[in-house]
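Enquirer: Mind looking over this structure? Questions follow.
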Amino acid sequence: MKAKEYYGLVEKRSLHRIVVSQEKSHDYATGDVLSNFKRLAEAAGAIDIDVATPHGYALFMVLLKLDRLNNLMKNHKAPKNESIEDTVIDAQNYLDLAEACYREAFTLPDPSKYRERFEEEIKGL
């Protein structure tokens, strides 16, 4: 590849990254483009999420999606990337993944036992 073609490609990619960055910033950040990183670092620290574990990282991703959702809803923003519905689904999926990661690492009771108890309680209502 000749230099002119290579630098043309790099320039095109750079411009595309700027557009993506601006759109993501719209959905995740406020006027401070680093605001979501600051909020997430504070929130993750406050609830002591250990991102060095698979389940901790999945919980961090839930936090990330909740922060995005809050930013869009609180500021009445229309998303520029994924829809609000997709964000909610992502957060729910990350919760399921956090549970799966935790279950893989530690022995937990069979969740069907909770369902049986719940069904018994509903019958009594």
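What follows is calculated from the coordinates using simple rules that are stated; it is not laboratory data. These numbers come from a predicted model, not from an experiment. As a convention, Cβ positions derive from the backbone with ideal geometry for all residues, glycine included, and neighbour counts pool all protein chains shown.
Enquirer: Please give the residues of the range 48-77, grouped as numeric ranges, whose backbone N is less than 18 Å from a label point set 7 Å along the Cα-to-Cβ vector of residue 103.
Expert: Flagged as within label range: 54-59.
Enquirer: Can you tell me which of 98-111, 25-38 comes out highest on packing, and rank the rest after it, using the mean Cβ neighbours within 10 Å?
Expert: Output ranking for 98-111, 25-38: 25-38, 98-111.
Enquirer: Additional query: To the nearest 20 debye, what charge dipole does the chain have about its Cα centre, counting +1 at the Cβ of each Lys and Arg and -1 at the Cβ of each Asp and Glu?
Expert: Charge dipole, the chain, about its Cα centre: 760 debye, nearest 20.
Enquirer: Residue farthest toward the positive end of the dipole of the range 3-123, with Cβ of Lys/Arg at +1 and Asp/Glu at -1: which of 71, 93, 118?
Expert: Value computed over the given set: 71.
Enquirer: Can you tell me the relative contact order of the chain? Whole percent, Cα pairs under 8 Å, sequence separation 6 or more.
Expert: In percent, rounded to a whole number, it is 25.
Enquirer: Once Rh is set to the Kirkwood radius over Cα pairs, what Stokes-Einstein translational diffusion coefficient, in µm²/s, holds for the chain at a temperature of 10 °C and a viscosity of 1.306 mPa s?
Expert: It diffuses with D of about 90 µm²/s by this estimate.
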